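Working notes for the structure below.
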Amino acid sequence: MEFRRVADILKNGQPQESVIIKGWVRTKRELKGFAFAEVNDGSSLAGLQIVLDSSLEQYESTLKKINTGSSIEVAGQLVASQGKGQKIELQVSKVTVYGEANPETYPLQKKRHSFEFLREINHLRAKTNTIGAVFRVRNACAKAIHEFFQNKGFLWIHSPIITTSDCEGAGEMFTVTNFDLDKLPKNEEGKVDYSQDFFGKPAFLTVSGQLQAEVMAMAFQNVYTFGPTFRAENSNTSRHLSEFWMIEPEMAFCDLEGDQNLAEEFLKYIFQYVLDHCPEDLEFFNKWIDKTILGNIDNIINHEFERVTYTKAIALLEKASKKFDFPVEWGIDLQSEHERYLAEELFQKPVIVTNYPKDIKAFYMRLDEGEKTVSAMDVLAPGIGEIIGGSQREERLDVLERRMQETNVETDNLWWYLDLRRYGTVPHAGFGLGFERLVQFITGMKNIRDVIPFPRTPDNAEF
Ligand code: 4AD
Ligand code: MG
């Protein structure tokens, strides 16, 4: 007898094959003389139907134990199914029950639960159809991302999680310390003396691996990071997490146009990959979560993204008949309502907005001619808003130093970053894709908390 995963059996299983499966019972139905149960092992949305005949030894005692949620190992023979909904089922010859699940107390009964409720039982929610499908798609996205970059010869860089610099200059960092917080050492000015802290200066969880990716791009040309990043921003929205994963490619000898081209090719590749590898899960999302998902995916793969400058986008927003809560004028940071109007209503596809005003963007972005804007780009997606943020980087030492002064970024701490401009500097560009926003985009899931296994948000780090 061969141990097999359910996904493999549903796809390749033939009548008369003897197999063993291991998994969790989703449902059970008792009829006269026999019983059905559906067993799911996480390998696919659909479970395998097993048939227990009353001639089985311990039929009664086993049936009592296998309720929704219990874990079992089943051996038997595959047979063509008479029922509808499945081609094949498993005629059981032996059952081992590993762990029971008391139907009186097991929280996941066979009915639809709200996502809010499922977040309260986060440790069990991966056992549900929707969340299970989300994590299979999430995994496929990760595979697609590595495949895309590896095929192109990009080196995967492991950027540090602990850092002493604030890449985005937004001051949204979590402090890392081993001080006894009740007995903070003070210096002569009465301020906390960080020279006595673990790293000898203030240290934080990283908000982005970009600066380190730039270091590596100056040696390997094309690199990418794929790791966790952290933001202590107090935004309780459906698209912000305090801990999220980011993918940050960085390319030497590349400008803003090359950066946009890579972003577009990249997103298309991931969508095609998920379409090819998770058709059953996508059908499920299209049916139960958002009926436009399959159409959107097709739209993304087969159409060019729109590209507009920030200045043009502002003009389009000013012309719009729609009333915005936040007034539109050149210089504002685009709000979610503006981003969504552009991507959802006006262009009805992803839009790349470029050349934002320098005052609303980070210090490292390359200053454009005229010095009012920088070579930034954001990719705005229908239903999500900003999914990618990137730029061509400032490679000129004097301009970079000036920009750091203007934006109050300490140059002392970033001496090594400036050194990259002293020794062998080249035009270079990159971007950051928010991994959870990508998964939201593909699955149609409304809340970002439901596309990461263990969401961390303000006031919430349970599980
Ligand atoms: O636009 P951001 O802040 O850009 C950077 O961090 C650059 N250093 C990237 C680069 O050029 N290498 O963040 C990039 C992306 C956003 O577009 C968004 O998708 C995601 O990261 N993101 C978040 N996702 C979830 N929760 C949050 N709090 C996020 N903040 C940003
Ligand atoms: Mg951004």
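Just so you know, all these numbers are worked out from the coordinates, no wet-lab data involved. All figures in this text were calculated on a predicted structure; none of them were measured in a lab. Every residue, glycine as well, gets a Cβ built from its backbone with ideal geometry; the counts of neighbours run over all protein chains shown.
Remarks
- Look at the dipole of the chain built from charges on Cβ: of 332, 299, 165, the Cα furthest out on the positive end belongs to 299.
- Span from the region 314-357 Cα centroid across to the region 377-423 one, whole angstrom: 24 Å
- The orientation-averaged shadow of the Cα convex hull for region 173-264, equal to a quarter of the hull surface, comes to 9.2 nm².
- About the centre of its Cα atoms, the chain shows a dipole size close to 1920 debye [charges on the beta carbon of Lys, Arg (+1) and Asp, Glu (-1) only; nearest 20 debye].
- Sorting the segments 426-439, 133-146 by their residues' average number of neighbouring beta-carbon atoms within 10 angstrom, most packed first, yields 426-439, 133-146.
- q = 0.15 Å⁻¹, region 64-204: log10 I(q)/I(0) [Debye, one scatterer per Cα]: -1.02
- Note: region 304-347, Cα convex hull, 71 Å³ per residue.
- Separation between Cα centres of region 101-121 and region 147-224, rounded to whole Å: 40 Å
- Between 0 and 90°, nearest 10: helix 293-302 axis offset from the chain longest Cα axis: 50 degrees
- More than 14 angstrom apart: percent of Cα pairs within region 16-74: 53 percent
- For region 144-184, the alpha-carbon coordinates run over 52, 21, 16 Å along the three principal axes, in decreasing order.
- Positive-end ranking of 461, 115, 154 along the dipole of the chain, with charges on Cβ about the Cα centre, is headed by 115.
- Peptides 221-228, 210-217, 273-280 ranked from most to least packed, by the mean per-residue count of other Cβ atoms within 10 Å: 210-217, 221-228, 273-280.
- For region 1-105, projected area of the alpha-carbon convex hull averaged over all directions, nm²: 6.4 nm²
- Normalised convex hull volume, region 221-273, alpha-carbon set, Å³ per residue: 122 Å³
- When the square roots of the Cα gyration tensor eigenvalues are ordered a ≥ b ≥ c, the ratio a/c for region 267-340 is 1.5 or more and a/b exceeds b/c, which makes its shape prolate.
- Whole-percent P(r), the chain, all Cα pairs, 10 Å bins from 0: 4, 17, 24, 22, 15, 11, 6, 2, 0.
- Legend: P(r) of region 303-429 from all alpha carbon pair distances, 5 Å bins from 0, whole percents, reading 2, 11, 19, 20, 16, 12, 9, 7, 3, 1, 0.
- Between the residues 240, 37, 58, the greatest Cα displacement towards the positive end of the dipole of the chain, with unit charges on the Cβ of Lys, Arg, Asp and Glu, is found for 58.
- Cα extents for region 341-416 along the principal axes, largest to smallest and rounded to whole angstrom: 45, 26, 18.
- Counting every pair of alpha carbons in region 171-325, the share spaced more than 21 Å apart comes to 71 percent.
- Cβ-placed point charges (K, R +1; D, E -1), dipole of region 144-198 about Cα centre in debye, nearest 20: 240 debye
- Rg [Å, one decimal], Dmax [Å, integer] - region 329-371, C-alpha atoms: 12.2, 32
- Highest average packing first - 318-326, 383-391, 28-36, Cβ atoms within 10 Å: 383-391, 28-36, 318-326
- Relative contact order for region 1-126, counting Cα pairs under 8 Å that sit 6 or more residues apart, in percent: 24 percent
- Nearest-20 debye value, region 222-344 charge dipole, Cβ charges on Lys, Arg, Asp, Glu: 440 debye
- Dimensionless Rg ratio for region 81-146, taking C-alpha atoms and the 2.2 N^0.38 Å reference: 1.52
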